[in-house]
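Here's the structure we're looking at; comments come further down.
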Amino acid sequence: MTERLDRGLSSVFSAEQSCRVRFVEPNNNLVVPDRTMHKSELSDKFDGLDIEYLTQIKLRELGFAPQNDKEKEMLEFFHNPLIHRYPAGDSPARYFMEVIMGNHAILASYLPPNSITSNHKHSDEYKILEDYHITGGEPILKLDSEIHALKSGMSVEVPLNTPHQLKTGEKPAFTLIIMKNAGLVDRKNWHR
């Protein structure tokens, strides 16, 4: 495990472009709207912590600071088109943000108490590296056969082509996920 993340954005975007952020297209019925939660409930679930604020601070620390009002708006939970989840059989996680910025996908994920994400990996074919930045809770990360106890403020880079999953106990977890190179491929190819 490492706590490193390559900083900065791809040079794909020129200075003339007004916004480097775009929403991930909900194509091929890959996502299902979820109206069981609202952004205003997050503080209560994390002992009064402002999870959106902590997530925005972490984004800036990682070099993903918005450069104009449009980017700022698109990186706020409130302005994302919908809170969503993936269809049954996949993870019980709820996503409050899912955008592409440069070559990277940026996701903000809520995992309910006593839940576990799907065991998945990212193939060598697309070179997608996934970084977890815990902004709330104390989830357990399984990397292949290794178990790691995480807590708020910790960051982990998942090694390429390594099966992994996140699990919660009695408390939920909130994770900022950076998927390097995921912005270069269709969303259906993010997970294997």
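The numbers here are math on the coordinates, done by the rules we state, and not lab data. These numbers come from a predicted model, not from an experiment.
Computed over the alpha carbons of the range 31-183, Rg followed by Dmax gives 14.6, 44 Å.
Full extension of the chain segment joining Ser145 with Ala65 gains 25.3 nm, where the gain is 0.36 nm per residue of separation less the Cα-Cα distance.
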